[in-house]
1. Can you give the accessible area per residue of the chain, in Å², using a 1.4 Å probe?
2. How much of the DSSP bridge set in the chain is antiparallel, in percent, rounded to the nearest 5?
3. Using +1 at the C-beta of Lys and Arg and -1 at the C-beta of Asp and Glu, which of Leu132, Ser37, Thr48 has the Cα lying farthest in the positive direction of the dipole of the chain?
4. When ranked by the protection proxy of mean other Cβ atoms within 10 Å per residue, highest first, what sequence do the peptides 114-121, 64-71 form?
5. How about the range 1-57: which GluC sites (Glu not before Pro) there lie in a loop by DSSP and see at most 12 other Cβ atoms within 10 Å?
6. Show that you can apply the helix-only estimate: for the chain, add -39,500 (n - 2.57) for every DSSP H stretch of four or more residues, divide by all residues, and state [θ] at 222 nm to the nearest 500.
7. Which one, [x] 1.21; [y] 1.15; [z] 1.74, gives Cα Rg over 2.2 N^0.38 Å as derived from the coordinates shown?
8. Out of the trypsin sites (Lys or Arg not before Pro) in the range 11-45, which ones are loop residues according to DSSP with at most 11 other C-beta atoms within 10 Å?
Amino acid sequence: RDRLQLLIDFNQTQKDYPKNKWVHQLFEEQAERNPDSIAVVFESEQITYRELNDRANQLAHHLQNLGVEPEVVVGICLDRSLETIIGMLGVLKAGGAYLPIDPTTPIERKALMLEDAQVKVLLVQQRLIESLPKTQANIVCIDTEIPTTSASYTPRASSDNLAYVIYTSGSTGIPK
């Protein structure tokens, strides 16, 4: 009985959710319900729903001022951190699509991904700027350039728009 409870009963975690809402909209609803609850913990850092939502809104506002709108791809080349989550939410709120790029990826592959995806804006941490290839993308340091004043964004995306781009590679290392 204990085995069945562990394997079956406790794993019944499927939930229905509104299919006409984006992840960031569902997140905003959660932030309204539980603003002071912890949303994300990373190592010794943590952030509440209110703080995360505010920072993502500030980033979304900044990105929209840079021309991010539906179908515009924003690269996210960040070390694992709270800023990674802020970046993903901010891009979605701005209406853009995000392209995650591992900072340890060889520079030639980063260049190929940035060019192939036609990345317009690239979010990085200040310490990673020197590891970037030459790019036409507008480079934005998420840890130093985003205004910390209250900001709102204008929702622009629909469920028909691109949300993210993921590159995989086979044995050749060429993106698919």
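1. Values: 10910 Å² over 176 residues.
I get 62 Å² per residue for the chain.
2. On the way: 5 of 18 bridges.
Beta bridges within the chain, antiparallel portion: roughly 30 percent.
3. Comparing the listed Cα positions along the dipole, Leu132 ranks first.
4. Details: 114-121: 18.4, 64-71: 15.9.
Ranking, from highest mean packing down: 114-121, 64-71.
5. Details: sites: Glu28, Glu29, Glu32, Glu43, Glu45, Glu51; in loops: Glu43.
Answer by residue number: Glu43.
6. On the way: 5 runs with 57 residues, N = 176.
Value at 222 nm, helices only, nearest 500: -10000 deg cm²/dmol.
7. Label [y] holds the value from this structure.
8. On the way: sites: Lys15, Lys19, Lys21, Arg33; in loops: Lys15, Lys19, Lys21.
Those satisfying the criteria are Lys15, Lys19.
The values are calculated or read from the model by the stated rules, or taken from the named source; none is laboratory data. These numbers were taken from a predicted model, which means no experiment stands behind them. All Cβ positions, glycine included, derive from the backbone under ideal geometry; neighbour counts span all protein chains shown. Only protein heavy atoms, including side chains, enter the accessible area calculation; ligands, DNA and RNA are left aside. Shrake-Rupley method; radii C 1.70, N 1.55, O 1.52, S 1.80 Å.
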